[in-house]
1. Within the range 111-125, can you find the residues that are open to solvent by 50 Å² or more (accessible area, probe 1.4 Å) and either in a helix (DSSP H, G or I) or of a type in the set (Gly, Ala, Ser) (or both)?
2. With at pLDDT below 85, among the β-branched types (Val, Ile, Thr) and not in a helix (DSSP H, G or I) as the only criterion, which of 263, 314, 307, 257 stands out?
3. Going by the structure shown, is residue 211 under 26 Å from residue 108 (Cα atoms), under 15 Å from the mean Cα position of the chain (by Cα) and either modelled with pLDDT of 90 or more or in a loop (DSSP other than H, G, I, E, B) (or both)?
4. Which of the following residues is open to solvent by less than 10 Å² (accessible area, probe 1.4 Å) and at pLDDT below 95: 197, 188, 193?
5. Of the residues 112, 181, 120, which single one is at pLDDT 90 or above and either farther than 30 Å from residue 12 by Cβ or hydrophobic (A, V, I, L, M, F, W, C) (or both)?
6. Just one of 101, 106, 138, 154 is closer than 15 Å to residue 224 by Cα and either modelled with pLDDT of 95 or more or hydrophobic (A, V, I, L, M, F, W, C) (or both); which is it?
7. In the list 228, 238, 217, which residue meets the criterion of being within 22 Å of residue 143 (Cα to Cα), polar (S, T, N, Q), surrounded by 15 or more Cβ atoms within 10 Å (Cβ to Cβ) and at pLDDT below 85?
Amino acid sequence: MIYILASIASFFASLLGYPLAKRIQILDQPAKRKIHRQPVPRTGGIIFFSAFWLVLLAVSFFSHFSYLSLAVLGKIFLPALIIFVVGLLDDIFNLSPQIKLLGQLLGAGLLVALGIRIEVINIPLLGMITLNFWFSALATIFWVVLLINILNWLDGLNGLAAGVSIIAFLAIIYTAFLPWVNAFPAVLLASILIGILLAFLPYNFLKGEIFMGDSGSNFLGFMLALTSILGGSKLATSFLVLGLPILDGLWVIMQRIKGKKNIFLADKRHLHHRLLRLGLSEKQTTFFFWLISLVFGLLIIPASTQIKFFGLVILSGVCLIFFAVLDIIEKRNNERT
C-alpha cells in the first residue's frame with residue numbers, strides 16, 4: 001500500500017510542479033538536429049529531482065519505512081545531486097561532452113565509494129559470479145554512465161524517454177517483488193518515479209510544453225541504474241527493456257568511429273531520427289519504441305535467466321539487421337536525391 005500512496009503523492013506533487021517549472025527561463029532553442037520549432041522550457045528535470053526527494057523523505061518520515069534509513073538516503077542523495085547538477089548546468093551553459101562525462105564519472109564513482117555497487121552478476125551457463133571490489137567498481141561506474149547517456153540519447157522526442165522509463169521501472173518493480181529478491185527499496189524508488197513520469201506525459205507527450213532537459217534525463221538514467229542495482233542487480237531486466245536504445249547508441253558510436261567523426265558530436269543518426277526520415281510521425285515513432293520495450297520487457301515474467309539471455313540474443317540480432325537495412329534504405333534514398 002505504501003508504494004501506491006508514494007506513487008500517487010509524487011504524481012500530484014509533480015502535476016502541480018510542472019506549470020511552475022515552465023516559467024523558469026531555461027529554454028531549449030530550435031536547432032538543425034532538433035524536432036521542435038519554438039523555444040521550449042527544459043526544466044522538467046527540476047521537478048523530477050525535487051518531487052522525488054520531497055516524497056521520498058515524507059514517506060521515510062511518516063511511514064517509518066524500515067528499508068531506507070537516513071544513512072542509505074544520504075548515500076543515494078549525494079551522487080544523485082552531482083548527476084542532476086551537471087545536467088542542469090548543461091541545460092544552462094551547454095557544457096562540453098568531456099565535462100559532462102567527467103561529472104557523470106564523479107557521481108558514479110561516489111556511489112561506489114559510498115558502498116552501492118554491483119556485487120554479483122548471473123551469467124548464463126556460468127551461474128552466479130561474485131565480483132571483487134575493482135571489477136565491481138568498474139562494472140557499477142560503467143552501468144551508471146551507460147544508462148545516463150542512453151536516456152540522454154533517447155530524449156529526442158516528446159514522451160520517448162519518459163514512456164520507456166516507465167516500462168523499465170515497472171519491470172524492475174516486478175523483479176524486485178519476486179520472493180527470492182524482495183528488494184523493497186527499489187520498489188519504493190521506482191514507484192515514486194513512475195508517478196512523476198505519469199504526471200510529466202500530459203505536459204510533454206501530449207502538449208510538448210516542457211522538456212525534461214539534461215537534468216531530467218541524467219537523473220532518470222541514474223535512477224534506472226540505481227534501482228536495477230538495488231533490485232538485486234537485475235541488470236538483464238533493465239537491459240531487456242532498454243535494449244533497443246542501448247543497441248542504437250552503440251550502433252551510432254560505431255558509425256561515428258567508422259566515419260572518423262567525434263563520438264561525442266551530436267547528430268541525427270539515432271533510430272528515432274531515422275524513423276522520422278522514413279515518414280513515421282513523432283507519435284508513431286514514440287509508440288514504436290514503447291512497444292518494443294514492452295514486448296521485450298515481458299520476457300522477464302518467466303523469471304528465467306536463460307530466457308532473458310536468449311531474449312537479449314534475439315533482440316541484438318534483430319536490431320542489428322534492422323539497423324543495417326535502414327542504412328541500405330537511407331543510402332538508396334540519398335542516391336536518388
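1. Once the filter is applied, which keeps residues that are open to solvent by 50 Å² or more (accessible area, probe 1.4 Å) and either in a helix (DSSP H, G or I) or of a type in the set (Gly, Ala, Ser) (or both), the range 111-125 yields only 113.
2. 263
3. Yes; evaluated as a whole, the condition is true for this residue.
4. The match here is 188.
5. 112
6. That would be 154, the only listed residue that is closer than 15 Å to residue 224 by Cα and either modelled with pLDDT of 95 or more or hydrophobic (A, V, I, L, M, F, W, C) (or both).
7. Just one listed residue meets the conditions, 238.
The values are calculated or read from the model by the stated rules, or taken from the named source; none is laboratory data. All values reported here derive from a predicted model rather than from experimental measurement. Cβ: placed from backbone, ideal geometry, glycine included. Neighbour counts: every protein chain shown. In case anyone asks, the SASA skips ligands and DNA or RNA and just uses the protein heavy atoms, side chains included. Shrake-Rupley method; radii C 1.70, N 1.55, O 1.52, S 1.80 Å.
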